[in-house]
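Asker: There's a structure below that I have some questions on.
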Amino acid sequence: MKKIGVALLGLGVVGGGTYEILTTKRDYIRANDGIDVEVKSVLERNEARIKELGIDPAIVAKDIDEIVSNPDIHVVAEFFGGVEPARTFLLKALENGKSIVTANKEMFSKSWSDLEKAAKKGGAGLYFEASCVGGVPIIRTLTDAMQGNHITSLKGIVNGTTNYILSRMSDEGVDYDTCLKSAQALGYAEANPTADVDGFDAMYKNSILSSLAYKKRVPIDKIYREGISSVDVKDLKIGRELGYTMKLLAISKHDGKMTEARVHPAFLPTEHPLSGVKGSFNAVFVHGDNVDDIMLYGRGAGSLPTGSAIVSDIIFAGKTETVRRFSFEEEDVKDDTFATDFSTEYYIRVEASLVQDASVKVVSALTKVGVEVVKVLTKDNDLVLLTGTTNESTMQSALDTVRALDCVNKIGALVRVER
Ligand code: HSE
């Protein structure tokens, strides 16, 4: 039976979950997949953790060089998170012919091209199912189950922390800070939760998923990004009354040439399938020209769900004779194929001194610059407006005009409305 030696770099939450699955399911994998996967080495300084997981101290490596020079190791799985030292260690592994498996979306989205070059040089493969949407097999779906389609759009809840926060704020009316603290206590958030709440984590995932969906590298600097830290519970409540649910969405669209990619909080109609995705769950909604809409749903984070995706990649890497990489025909990113503007509907909340008076003036200011106002309502001292489809650039300059009106105190919220 083919033997696959694995090294685990880091034994934190996901590394520990992966070790657990690989050991408890070793016989099961032998029986079903016909390969014997064995953890041959671990790189972890925390002795207590090694003891806790019941790992033989003899397989603890002293450094990365010991791992990359070991001929019995075929696959290196990384769980450090962050760019360094993960990037340097994985480049070394690839150059030495070891395929890599990673859940590290930040490092992967920022270093994909360099990893690919090193993989080519070493004759190794790149596997990163766990980098996006944890245990949900979205990457395999995009690459191996939708080949007969041109994918034209992707819309997803790809960050569990923000979905947990927005769900609780919306369902229980709990304020943002309290929800963030519980998300941290529950272990959903990144070490620095700014990566979650400011949309960076979703942007890294959007870059990876959109690149695979459109067979075109979509770098992170081409993705518009906005987080949820300034979301007011008041807007979630008004949104619900209007039939909307707020989600932090990773969105991208591709028409064959131009690509648009963004991450921001958005209102979705309550009946949209993504609106029912609550708590730390994730889901991705994809449109292919032949298959139409599909949606994948599940746990986007956590020890065993993410470990499940890692193990699936290790088995894939171990079973296939050819190594898998996703080279893009056009290595150089062509700036003129990325949209610099986008269009959507909007929810605007304006805080005004004299609401009735402001209503007329704000609607007139918006209409004058071509923004169609489809609904206006007043909520205490706030004026709430819903618009038709408008360009983001037009909306931003329209808001400058609204802000300058005497009767307007401030723009309380601007939320894009997606369908
Ligand atoms: N912090 C991430 C999340 C973990 O909340 O989704 C999984 O990538």
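Since every read-out is calculated from the coordinates, none of them should be taken as a lab result. Bear in mind that the values here come from a model prediction, so they are computed numbers and not experimental data. Note: ideal-geometry Cβ built from the backbone for every residue, glycine included; neighbour counts use all protein chains shown.
Asker: Just grab the label-to-label distance for THR394 and GLN184, each label 7 Å out from Cα along the Cβ direction, in nm (one decimal).
Answerer: Result: 4.3 nm between the two label points.
Asker: Still on this structure, I have one more. Across 10 Å bins from 0, what is the distribution of all Cα-Cα pair distances for the chain, in whole percents?
Answerer: 5, 21, 28, 23, 13, 7, 3, 0
Asker: In degrees from 0 to 90, rounded to the nearest 10, what is the angle of the helix 86-95 Cα long axis to the longest principal axis of the chain?
Answerer: So the inclination is approximately 50 degrees.
Asker: What is the helix-to-structure angle for 160-172, meaning the angle in degrees between its Cα long axis and the longest Cα principal axis of the chain, kept from 0 to 90 and rounded to the nearest 10?
Answerer: 40 degrees
Asker: Using label points projected 7 Å from each Cα along Cα→Cβ, tell me how many nm separate ASN192 and ILE59, to one decimal.
Answerer: Roughly 3.4 nm, to one decimal.
Asker: Something else about it: Under a Cβ-only charge scheme (Lys and Arg +1, Asp and Glu -1), can you give me the dipole magnitude of the chain about the Cα centre, in debye to the nearest 20?
Answerer: The dipole of the chain has a size of about 440 debye.
Asker: Sticking with this structure for a sec: Place a label point 7 angstrom from the Cα of ASP232 along the Cα-to-Cβ direction, then list the residues of the range 336-376 whose backbone nitrogen is under 11 Å away.
Answerer: 349-352
Asker: How much length would be gained if the chain were fully extended between SER364 and ASP27, taking 0.36 nm per residue of separation minus their Cα-Cα distance, in nm to one decimal?
Answerer: Length gained between SER364 and ASP27: 114.3 nm.
Asker: Mark the label point 7 Å from the Cα of ASP72 along Cα→Cβ and return the residues of the range 26-61 whose backbone N is within less than 19 Å of it.
Answerer: Correct set: 26-27, 30, 35-44, 54-61.
Asker: Sticking with this one: Test of understanding: what is the full-extension gain from LYS410 to GLU52, defined as 0.36 nm times their sequence separation minus their Cα-Cα distance?
Answerer: The LYS410-GLU52 span can extend by a further 123.5 nm.
Asker: Pairs of Cα atoms under 8 Å, at least six residues apart: use those to get the relative contact order of the chain, whole percent.
Answerer: 17 percent
Asker: Turning to a different aspect of this structure: Could you state the angle between the C-alpha long axis of helix 200-214 and the longest principal axis of the C-alpha atoms of the chain, as a value from 0 to 90 degrees rounded to the nearest 10?
Answerer: Around 80 degrees separate the two axes.
Asker: About the Cα centre of the range 280-371, how large is the charge dipole given +1 on each Lys and Arg Cβ and -1 on each Asp and Glu Cβ? Please answer in debye to the nearest 20.
Answerer: 520 debye
Asker: Let me ask you something else. In the structure shown, do any of LYS155/LYS237; LYS98/LYS278; LYS25/LYS319 have a Cα-Cα gap over 27 Å, and if so which?
Answerer: Over 27 Å apart, Cα to Cα: LYS98/LYS278.
Asker: OK, next. Along the charge dipole of the chain, pointing to its positive end and built from +1/-1 on Cβ of Lys, Arg, Asp and Glu, which listed residue (PRO71, SER275, GLN396) has its Cα farthest out?
Answerer: PRO71
Asker: Pull out the extension gain between ASP293 and ARG324, defined as 0.36 nm times the separation in residues minus the alpha carbon to alpha carbon distance; nm, one decimal.
Answerer: 8.5 nm
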